[in-house]
Amino acid sequence: MNIEYGMFQQQALKLNMSQELVQAISLLQYTSMELAGFVEQIATENPLLEVEMNYYSTFSQKSLKKRKKQSASAGNFEAFIPDHLPSLSNYLQDQLLTKNLTSAEKNYVTFLINNLNDNGYLEIDIDEASRILNLPREIGEKALNIIQSLEPAGIGARNLQECIILQLRRNENADPRLIEIVGHYFDDFAYKKWKKIKKELNISLNEIQRLFDLVQTLEPRPGALISNERTEYVIPDIIIEKKEDIWHIHVAEDSYFHININEGYYHELMQQPEPMVKSYVKEKYQQIQWLKQSIEQRKTTMINMMRAIIEMQEPYLLGSKKELKPMTMNNVAEKIGVHESTISRIAKNKYARTPIGTIPLRKLFTTGAKTATGNDAISTEQVKNEIRDMIDQENKKSPYSDQEIVKLLEKKGIRVSRRTVTKYREQLKIPSSIKRKRYN
């Protein structure tokens with residue numbers, strides 16, 4: 001083998017991404033509010049950039065006047081209503097004010113409350129808690145009973161089985177046999193292995209079914225009823241409406257801010273004799289030009305994307321059709337002449353206000369299922385609706401298995417695998433055929 005050493009010239013093509021290109025790509029995935037914040041940040045660093053901000057322009061002047069009038073009225077208490085519920089800990093602590101507790105009991109109860117998870121379940125063992133607090137186990141048992149007597153029912157349970165039992169004990173009309181079943185046959189009861197329960201407790205399957213239905217009305221996550229999360233408000237990034245058979249597309253940031261270059265200040269600084277000043281001013285001027293160009297390109301791409309979506313999904317957007325047509329991001333990308341990743345970035349975390357309401361842009365994209373002719377003519381949403389309808393109309397004493405649903409779909413000209421049916425059924429939060437079976 002002949003190995004040569006030396007210096008050789010070689011031509012190669014590669015993409016060098018400049019800082020401006022990276023930022024331009026990032027602008028695509030910003031929401032309108034995030035973009036407004038980004039522009040404000042640049043304005044603090046660029047003396048030539050003038051920004052007119054108007055975050056409230058999405059409200060009409062009429063609605064703003066109405067809000068001001070309501071706020072000024074003496075009977076309007078809306079401003080004093082918190083936008084979030086109290087935390088679970090505070091909610092439980094407030095209930096303790098009516099209870100006469102010793103200092104040790106109060107400390108123990110507070111410690112246990114702080115060890116409840118968001119669902120209201122206790123995540124620490126009483127023995128371990130007693131060791132940490134250096135208090136007798138008897139106080140711990142009493143503290144736990146106090147917590148489990150608070151609202152909502154089921155709070156302080158250590159598992160789902162105990163949570164259900166705690167709620168049943170609060171129900172004066174609950175059948176005593178149900179507490180026995182949940183206490184001693186929980187797994188068999190939950191997974192509908194009822195023949196053993198029927199035999200050992202001498203109870204009919206119809207009765208077990210009735211008791212099972214009662215359990216379904218209970219709350220498996222009592223702590224989740226008390227949330228300390230703030231209300232999240234959805235702000236649309238694109239607004240579309242149809243007037244006189246013409247679709248109008250509005251990009252929200254057009255209303256949020258407007259940018260200009262302070263030309264007078266620019267010419268004044270350019271007359272300075274210092275080369276460093278001129279270089280700095282030119283750099284900031286180019287930055288604004290880049291920003292304006294990038295925002296305009298972003299806006300153009302968003303509008304083109306929305307036009308393509310309207311063309312393909314107009315019946316859905318007008319509410320005349322419940323299901324989306326099969327439409328992938330790649331379909332839209334090819335239609336407007338951009339890369340699929342560009343559509344993915346634009347759709348990320350953005351919402352569109354449409355005639356049928358405000359919806360996430362990503363919801364408008366859906367894959368298709370094969371029809372008998374081999375074409376992608378039916379959307380995933382349509383297949384899910386078919387599965388839901390079949391299960392709604394099935395004989396509950398003999399529910400369809402996933403394989404039977406596959407055959408029923410095939411008769412309708414829809415080809416999907418059993419694994420796909422299982423996946424869609426689980427996404428619809430529909431239990432398996434065994435758990436759907438009823439005995440009355």
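Points worth noting:
- Within segment 365-387, no residue that is within 16 Å of Val421 (Cβ to Cβ) and modelled with pLDDT under 75 sits with its Cβ atom under 7 Å from a residue that is open to solvent by 40 Å² or more (accessible area, probe 1.4 Å) and in a helix (DSSP H, G or I) at 6+ positions apart or across chains.
- In this structure, Ile147 does not satisfy being part of a helix (DSSP H, G or I), within 20 Å of Gln216 (Cα to Cα), touching a helix residue (DSSP H, G or I) at 6+ places or on another chain (Cβ under 7 Å) and β-branched (Val, Ile, Thr).
- Of the set (1) out of contact with any strand residue (DSSP E or B) (no Cβ under 8 Å at 6 or more places or on another chain); (2) closer than 18 Å to Tyr108 by Cα; (3) not in a helix (DSSP H, G or I), all apply to Lys142 but (3).
- Residues in segment 177-214 that are polar (S, T, N, Q), surrounded by 16 or more Cβ atoms within 10 Å (Cβ to Cβ) and on the phi > 0 side of the Ramachandran plot: none.
- Candidates Ile113, Ile126, Ile147: the one that is farther than 27 Å from Ile208 by Cβ, in contact (Cβ under 8 Å) with a residue 40 or more places away in the chain and surrounded by 13 or more Cβ atoms within 10 Å (Cβ to Cβ) is Ile147.
- The number of residues in segment 320-350 that are part of a loop (DSSP other than H, G, I, E, B) and under 29 Å from Arg388 (Cβ atoms) comes to 11.
- Scoring Ser57 on the criteria (1) open to solvent by 70 Å² or more (accessible area, probe 1.4 Å); (2) under 24 Å from Asp237 (Cα atoms); (3) modelled with pLDDT under 85; (4) under 28 Å from the mean Cα position of the chain (by Cα) leaves a single failure, condition (1).
- Candidates Asp118, Asp94, filtered to the one that is in contact with a helix residue (DSSP H, G or I) (Cβ under 6 Å, 6 or more places away or on another chain), within 30 Å of Tyr233 (Cβ to Cβ) and surrounded by fewer than 17 Cβ atoms within 10 Å (Cβ to Cβ): Asp118
- Checked against (1) touching a helix residue (DSSP H, G or I) at 6+ places or on another chain (Cβ under 7 Å); (2) without any contact (Cβ under 8 Å) to a residue 12 or more places away in the chain; (3) not charged (D, E, K, R), Ala308 passes all but condition (2).
- The numbered conditions (1) surrounded by 14 or more Cβ atoms within 10 Å (Cβ to Cβ); (2) under 39 Å from the mean Cα position of the chain (by Cα); (3) farther than 23 Å from Pro220 by Cα are all true for Leu101 except (2).
- Residue match in segment 403-411 (condition: in a helix (DSSP H, G or I), in contact (Cβ under 8 Å) with a residue 40 or more places away in the chain and either out of contact with any Pro (no Cβ under 6 Å at 6 or more places or on another chain) or buried (at least 16 other Cβ atoms within 10 Å of the Cβ) (or both)): no
The values are calculated or read from the model by the stated rules, or taken from the named source; none is laboratory data. Since this is a predicted model, take the numbers as computed values, not measurements. Glycine also receives a Cβ, built like all others from the backbone with ideal geometry; neighbour counts cover every protein chain displayed. Calculation scope for accessible area: heavy atoms of the full protein, side chains included, ligands and nucleic acids excluded. Shrake-Rupley method; radii C 1.70, N 1.55, O 1.52, S 1.80 Å.
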